[in-house]
Every structure is written in C-alpha cells, then in structure tokens.
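Since every read-out is calculated from the coordinates, none of them should be taken as a lab result. None of these values were measured; they are calculated from a predicted model. Because the Cβ atoms are built from the backbone with ideal geometry, glycine has one as well, and the counts that use them run over all protein chains shown.
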Amino acid sequence: MTVLESLSASALDLLLRASTIRPAVRMRTLRRESFTDADIRELHAMANRLMSEDLEHFRVHAAANDLVHVFRRVDTGEIVGFQFWRTADIDLPRGRIILGGKLRILPEFRNHGLHLLSGLVFYLQDKLRHPGARYYRMSMASLFGFVSITEALASYKIFHPRDGGEEADALRKAFVALAAESHFRLDEETGQFFVNIFMTPETLGRYPQRYFERPAARAYAAANPDFRTNGCYLGFWFRFTPDNLGAMLGAIRRKLWRAPGTSTR
C-alpha cells in the first residue's frame, strides 16, 4: 500500500466509523498485482453466498480488473461486500473510461451507498494518476443496478447505437468492445444487450410496486419494456462533471447517515 493509499484508508475508516452502518465496516483497496490465491478464494466464498459461481470463472474475472475494494466488518473482519474496478481507453481526446466489475454486498449492508462510495474513491484514486483525463463511466445494468446508480446522478444517458456524433461514435465502439468481452449480443434496433441473465419471480417479488414507479425505473422500462423476461440489460453512461460529483456526494451522505429502518428516497 502506498503512502497515499494508507492516508486514504485512514480517512475512509473515520468516515465509515462515523456513519450509521452497524456493525461498523472498513474498506481496503487490493490491487490485481497483489491478489493471492487466498484473497480470491475468500472473495469467491463471500460471493457464492449470494450467487453461485465457479471459482475459476471468478478468478478470470478478478484478473481482468485493476483492483477490488473490499468491505469488512470492523469487529470480526468478515467480508460483507466488494466491488471490482478497471479503466479502459476511449477514442476521444484525453478520454478515459471507468468500468465497474463484479459487485456483491450482503443484504444487511445494502442501501448504505457503499457501491457509490467505492466508485467515487476509484475515480479519485485514478484521477490523481491522470489529472488531465476526461472520465466516462460506462455500465450495462439490470433495472436494479441502473436505478441504484442513476438515482445518485444529476445527469446520465442511456446508450443507443444509433446516436450520432464523435462522442456517441466513440462510446458505441467502447460498448461494443465491452459486450464482446463478455459474449453479450447488442440489438442494433433497440440498443439492448442480451446478457442471458433472467430475473426470477423471487427477485422481482422482493420489490414493492412503488419501486417500479420511480422515475429511474420508468426510464429503464421505457427503453427495455420486457426487462422481466427478455434476459437483456441496458447500457448507460455519464461524465464525472461537477454536477454529477455533487449529486453522488449528496447521495453518499444521505445513505451513510440514514436512520436505521428508513429509506433514502
């Protein structure tokens, strides 16, 4: 761990300890070059509690990312969540893409904005190394991932392959490359990505009808009306503008210090 990362970890410890998350958690950065077999197995064991996945497939995904943020309970050291991250180039002047990898958070630690905090920290860590870069965040997401991210933004754009212009052309190329890496199929007419992941009735049943009436959920359903059954995700992107950074900070503050049992909406 560098001196800068050590100072960042100390600041994050203070922030998370002051939050209303109980039991308290801490976050650490583990870079790809530091991954050990024990690290991969521990992360995989936690992930497997939520979604069954082959260890070797998990290992390949881990190696494809730059780093992982790991959230642990302060009292026991147990992993309660993690988020993989990496960067990529984009065919735009000074352009740089941030891509979120596998995200897993135990249910009892959700709705505290940990994934938003992780994304902001990764952006700031990389920005220090590339201060002149213009950052884009790209994602292919289910309705639930889409809502959890876009509700914390001031502005974003749903990807469509027919959008025109230099920026749109560069983003299309990047989305197509990202889809190819994961063997996803882009529908040129709808802009949807067939990911072959289907929502179960049990998953849908965990959310009340009012959830699907939220503006972000309505926007997703308008672009992907058969999301419940078609195995497709939508792509979306945003820039790390001052407005978006301010919105993310506000969302993180509300979620980290929300009263137990209350909603952040």
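A compact table of results
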{"item": "Cut-off 16 Å, label 7 Å out along Cα→Cβ of Arg129, residues of the range 27-43 by amide N", "result": "29-35"}
{"item": "Counted charge near Met27, where neighbours are those whose Cβ lies closer than 9 Å (Asp, Glu -1; Lys, Arg +1)", "result": "+2"}
{"item": "Rounded to the nearest 20 debye, dipole of the range 32-90 from Cβ charges on Lys, Arg, Asp, Glu", "result": "160 debye"}
{"item": "Per-pair calculated FRET efficiency, R0 = 35 Å: Arg17 and Gln209 via Cβ, rounded to 0.05", "result": "0.40"}
{"item": "Cβ-defined net charge surrounding Ile90, 12 Å radius [Lys, Arg +1; Asp, Glu -1]", "result": "+2"}
{"item": "Size of electric dipole in the range 3-256: Cβ of Lys, Arg +1 and of Asp, Glu -1, about Cα centre, debye, nearest 20", "result": "860 debye"}
{"item": "FRET efficiency, Asn230 to Arg31 (Cβ-Cβ, R0 41 Å, nearest 0.05)", "result": "0.65"}
{"item": "Correct choice for volume of the Cα convex hull per residue in Å³ that was computed from the model, options (1) 227; (2) 169; (3) 135", "result": "(3)"}
{"item": "Fully extended contour minus Cα-Cα distance, from Glu181 to Asp163, at 0.36 nm per residue", "result": "4.3 nm"}
{"item": "Order of Leu12, Leu117 under a 10 Å beta carbon neighbour criterion, fewest first", "result": "Leu12, Leu117"}
{"item": "Sites Ala221 and Ala45 - FRET efficiency at Förster radius 45 Å, r taken between beta-carbons, to 0.05", "result": "0.80"}
{"item": "Highest-fluctuation residue, Pro208, Pro107, Pro242 considered, GNM on the chain with Cα pairs under 10 Å", "result": "Pro208"}
{"item": "Gaussian network model of the chain, springs between alpha carbon atoms under 10 Å - residue of Thr241, Thr87, Thr229 with greatest fluctuation", "result": "Thr229"}
{"item": "Candidates Ala247, Ala180, Ala47, ranked by Gaussian network fluctuation over the chain, Cα under 10 Å, top entry", "result": "Ala180"}
